[in-house]
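Remarks on the structure that follows.
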Amino acid sequence: MKNRMSVERKSERELVVTRTINAPPRLVFEAWTKAELFQRWWVPKSFGLTLLSCELDVRVGGAYRLVFQHPAAPEGMAFHGRYLEVTPPSRLVWTNEEAGGDGQITTVTLEERAGQTLLVVHDLYPSKEALDEDISSGSTSWNDETFDQLDELLGSATNRA
């Protein structure tokens, strides 16, 4: 069963993505916090991106760094920040610092729903203009493919358990 994703601009500075994932929060949390799992679902296959490196130090004050490569940008693109909150298996909060330290704050919450997980991704931008710019550039384009890949990964893990 495919779950629908919703993307809603909640205010001038807030974007909220909601999706049900077909696995319990414990497994979804692991998929967000273990590099060997994260790199298997995070990048939509259709985007033509390669995840060259994935470093996740998931603890309060710990950092993450993701480096992607795309044929149009062969030098690689780095995304990085630090974790502000880590509450297994229900909440992660991190900074997005690739924009010079003035990027959005991302909060992910995971709520148990009859063996599934209600996943909510809340991005709080520093300004209306920053969110407008990300929307117009397509960089806020969370897409179902990413979460379909997460469902596929966790579905195979759930079936083995």
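The values are calculated or read from the model by the stated rules, or taken from the named source; none is laboratory data. Keep in mind that what you see is a predicted model, and the values were worked out from it rather than measured. Reconstructed Cβ throughout: ideal geometry from the backbone, glycine too, with neighbour counts over all protein chains shown. Accessible surface is based on the protein model in full, side chains and every heavy atom, while ligands, DNA and RNA are left aside. Shrake-Rupley method; radii C 1.70, N 1.55, O 1.52, S 1.80 Å.
Determine, yes or no, whether A23 is in contact (Cβ under 8 Å) with a residue 40 or more places away in the chain and within 30 Å of P74 (Cα to Cα).
Working: in contact (Cβ under 8 Å) with a residue 40 or more places away in the chain: yes; within 30 Å of P74 (Cα to Cα): no.
In short, no.
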Review point. From E55, E133, E112, E98, which residue is open to solvent by 60 Å² or more (accessible area, probe 1.4 Å) and assigned to a helix (DSSP H, G or I)?
Key: E133
Point to revise | Lone qualifier among V28, V43 - being crowded, with 19+ Cβ neighbours inside 10 Å and farther than 16 Å from L119 by Cβ | key: V43
Review point. Taking S139 and the conditions (1) free of Cβ contacts under 8 Å to residues at least 40 places away in the same chain; (2) open to solvent by 50 Å² or more (accessible area, probe 1.4 Å); (3) farther than 23 Å from K10 by Cβ, which numbered condition does it fall short on, given that it satisfies the others?
Key: (3)
Point to revise | Residue in region 115-130 that is surrounded by 14 or more Cβ atoms within 10 Å (Cβ to Cβ), charged (D, E, K, R) and over 17 Å from N22 (Cβ atoms) present | key: yes
**Study point:** Sole residue being in a strand (DSSP E or B) and among the acidic types (D, E), chosen from E8, E30
**Key:** E8
